[in-house]
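Please read the structure below before turning to the comments.
The values are calculated or read from the model by the stated rules, or taken from the named source; none is laboratory data. If you're wondering where the values come from, they're calculated on a predicted model, not measured in any experiment. Please note: Cβ atoms are built from the backbone with ideal geometry, for glycine as well, and neighbour counts cover all protein chains shown.
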Amino acid sequence: TAGQMAEEFGTEAYVVGGFVRDLLLTRNNLDMDLVVEADGIAFAKKLAKKMSGRVKYHRKFKTAVVILPDGQRIDVATARLEYYEYPAALPTVELSSIKMDLYRRDFTVNALAVHINPSSFGTLVDFFGSQRDLKDKTIRVLHALSFVEDPTRIMRAIRFEQRFNFKIGGQTLSLVKNALKLNLFSKLSGYRIVHELKLIFTEAEVLGSIKRMNELGVLEAIHPLLALNTSREQVIAELERVVSWYNLLYLEPEISIWKIYFLGICMGISKPKIEQIYNRFSFSQTEKREFVHLRETIFWAAGNIMNIRGELRPSEIYKILSPVPLEGVLFIMARTTRDIVKKYISQYLTNLRLQTVDITGDDLKALGLIPGPQYTKLLYETKLACLDSIVKGKDEQFNFVKK
Ligand code: CTP
């Protein structure tokens, strides 16, 4: 459809970036990026109409996104026609705008395009040796100023390197090291750093990227307190196992995996010093409060559950773990070396926390109790009694609250 539309518009349209890269690597990728050598916004609006989708756009960047009824997103960007003046008497040349568009991108592996106009549908456009680099499994920048233009590309290079099992090329690696020497990271906003970290922390394999960031000095460049040490490394390795175990269970609710790894890289940083990290990341008050709460509940619960001797009753496990957000529970699971504690946590996650009591607030009302905080307390006590099988079924629960 988009290709035919391009023809009607009298312009050229291309699929570009990650979609093409993943096509050649035979990996799934549902996000499609289009570049048109025309007004991208007008193009996107028409495309949305034809495909019964919605459209959102950014006038300033001349970009738009079409959201199809099935939820698929198609990003549409405008390739600008640019004129380059050569020094001296050489004539001004007009470079093909798709070429310029691709040249501005991060790495050769992301700088491929596929022409989608019907006349040459499916033709691969490769100006910069992208296919060779895909074959050689190399992450290579397109020009020497790439990391100066955008230092977050250093983190992207590491993420792609680890995801595809590629290697950052020799010259590109020197450029990475230079950029770090020039302290380019200090100019990056907390927001952009956190965005890139979140992307790294939601990959299937995280430890490799964290180790690589450490080896190249990226973690230290973000903040000296983040340099990796053996105990952090061990816990992060275990976090990877715990997170994939949890994901396989398909339990509700979904959790924010990135927060768990964030706890991992900050492990061992004291309460007064962690403020520096929150500030470096430009966390909002809400985000800060959330992490303070996470760390405090973990500290309290881990102290309680790791020091226990003898068997814990289900209600005792529940009492210790239920005040901790799930991200924190998984973190404790990764940090403990005791099998019994791992077992308790698994029991809590897969069973105890999901058990419900039969009686409700309405039942308490029917018993003549006045609504208020005592409802929560009574239902909590009932749940504890149910967990230990002291009461079974609705009738016994009734009798329990009456008493
Ligand atoms: N891009 C860039 N510099 C950045 C971020 C993005 O040049 N700092 C370019 C890349 O060429 C990339 C495209 O913008 O292909 C789209 O970005 P994004 O969706 O983040 O990249 P994908 O390659 O699709 O990555 P992923 O597979 O992780 O979605």
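Tell me, please, whether a residue that is within 16 Å of the ligand (Cβ to nearest atom), modelled with pLDDT of 95 or more and in contact with a helix residue (DSSP H, G or I) (Cβ under 9 Å, 6 or more places away or on another chain) can be found in region 239-256. Within region 239-256, none of the residues are within 16 Å of the ligand (Cβ to nearest atom), modelled with pLDDT of 95 or more and in contact with a helix residue (DSSP H, G or I) (Cβ under 9 Å, 6 or more places away or on another chain). Only residues that are more than 19 Å from A77 (Cβ to Cβ) and in a strand (DSSP E or B) were counted across region 125-141, and they come to 3.
Going by what's in this entry, would S120 be described as more than 16 Å from the ligand (Cβ to nearest atom), within 23 Å of the chain's Cα centre (by Cα) and not hydrophobic (A, V, I, L, M, F, W, C)? In short, no. Checking each residue in region 224-240 for being loosely packed, with under 12 Cβ neighbours inside 10 Å and part of a helix (DSSP H, G or I) picks out P224, T230, S231.
Look at (1) near the ligand (Cβ under 10 Å from one of its atoms); (2) surrounded by fewer than 21 Cβ atoms within 10 Å (Cβ to Cβ); (3) modelled with pLDDT of 95 or more; (4) more than 22 Å from E240 (Cβ to Cβ) and you find that H143 fails only one, number (1). Scanning region 181-199 for residues that are in a helix (DSSP H, G or I) and touching a residue at least 60 places away in the same chain (Cβ under 8 Å), we see that the one that is farthest from the ligand (Cβ to nearest atom) is G190. Return yes or no: is D22 outside any helix (DSSP H, G or I), modelled with pLDDT of 95 or more and surrounded by fewer than 23 Cβ atoms within 10 Å (Cβ to Cβ)? Criteria not met by D22.
For the subset of region 74-91 comprising residues that are assigned to a strand (DSSP E or B) and modelled with pLDDT of 55 or more, which member is farthest from N28 (Cα to Cα)? Only one residue fits best here, namely E82.
Taken over region 123-140, residues that are among the hydroxyl-bearing types (S, T, Y) and within 13 Å of the ligand (Cβ to nearest atom) amount to 1. When K45, K62 are checked against the criterion of being within 16 Å of the ligand (Cβ to nearest atom), surrounded by fewer than 21 Cβ atoms within 10 Å (Cβ to Cβ) and over 28 Å from K135 (Cα atoms), a single residue qualifies: K62.
Scanning region 30-42 for residues that are of a type in the set (G, A, S) and either under 13 Å from E12 (Cβ atoms) or within 16 Å of the ligand (Cβ to nearest atom) (or both) yields a total of 2. Candidates in region 1-19 are the residues that are over 22 Å from K56 (Cβ atoms) and not in a loop (DSSP other than H, G, I, E, B); of these, the one that is nearest to the ligand (Cβ to nearest atom) is G3. For region 146-178, filtered to residues that are surrounded by 15 or more Cβ atoms within 10 Å (Cβ to Cβ) and β-branched (V, I, T), the residue that is nearest to the ligand (Cβ to nearest atom) is T152.
The set of residues in region 16-33 that are without any contact (Cβ under 8 Å) to a residue 60 or more places away in the chain and not β-branched (V, I, T) comprises F19, D22, R27, N28, N29, L30, D31, M32, D33. Taken across region 115-123, residues that are touching a strand residue (DSSP E or B) at 6+ places or on another chain (Cβ under 8 Å) and part of a helix (DSSP H, G or I) do not occur at all. The residues on offer are E196, E203, E220, E215, and the sole one that is closer than 24 Å to F147 by Cβ, touching a Ser or Thr at 6+ places or on another chain (Cβ under 9 Å) and either at pLDDT below 95 or surrounded by fewer than 18 Cβ atoms within 10 Å (Cβ to Cβ) (or both) is E203.
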